[in-house]
1. Where does the charge balance sit around Thr116 when Lys and Arg score +1, Asp and Glu -1, over other residues with C-beta under 12 Å from its C-beta?
2. What residue among Leu17, Leu76, Leu98 has the largest mean-square fluctuation in a Gaussian network model of the chain, using Cα springs under 10 Å?
3. For the chain, the longest stretch holding no trypsin sites (Lys or Arg not before Pro) located in a DSSP loop with at most 13 other Cβ atoms within 10 Å is which?
4. Could you pull out every one of the aspartates and glutamates with an alpha carbon less than 20 Å from that of Lys67, ignoring same-chain neighbours closer than 8 positions?
5. Please find, in a Gaussian network model of the chain (springs between Cα atoms separated by less than 10 Å), the residue of Ser58, Ser66, Ser47 whose mean-square fluctuation is greatest.
6. What's the magnitude of the charge dipole for the chain around its Cα centre, counting Lys and Arg as +1 and Asp and Glu as -1 at the beta-carbon? Answer in Debye, nearest 20.
7. When the Cα centres of the range 57-122 and the range 1-43 are compared, how far apart do they sit, in Å?
8. For every other residue with a beta carbon closer than 12 angstrom to the beta carbon of Gly50, add +1 if it is Lys or Arg and -1 if Asp or Glu, then tell me the sum.
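A short reminder: the numbers here are calculations on the coordinates, not readings from a lab. Computed from a predicted structure; not experimentally measured. Positions of Cβ are backbone-derived with ideal geometry, glycine not excepted, and every protein chain shown enters the neighbour counts.
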Amino acid sequence: VQLVESGGGLVQAGGSLRLSCAASGRYAMGWFRQVPGKERGVVATVSWGGSSTYYIDSVQGRFTISKDNAKNTVYLQMNSLKPEDTAVYYCAATDHHLYYYTPIQAAEFDYWGQGTQVTVSS
């Protein structure tokens, strides 16, 4: 399984970025992030069917995860970015095929992208 990420970069606080991740098949997918010295943590996930989503509290209302099943691509639209959103963002996919299930633990994901840096300046 290949996960190809794109869309990271440098943005000022309050700005927006959109991350994309193209998969080689249809999966439940998610975005995680990691800063040096800390564990990789979930940001948002979307079910295999594409209609159920999960967000951590700190991004609720600012980030939107969506999945285009025809393109096997997941997106993370990030608005109102804050310096504390600075991290390496990883796309992840899992073979869970339950239509509405949103996995939220890193251990539930089978495949990972290479990561893309998001830097938010104050």
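1. Values: positive: Arg18, Arg33; negative: Glu5.
Net of charged neighbours comes to +1.
2. Leu98
3. Working: sites that count: Lys38, Lys71.
Value returned for the longest uninterrupted segment is 72-122.
4. Glu5, Asp95, Glu108, Asp110
5. Highest fluctuation of the listed residues: Ser58.
6. Numbers: 9 positive and 9 negative charges, 49 e Å.
Dipole magnitude for the chain comes out near 240 debye.
7. The range 57-122 and the range 1-43 have Cα centres spaced 5 Å from each other.
8. On the way: positive: Arg26, Lys67, Lys71; negative: Asp68.
Local net charge: +2.
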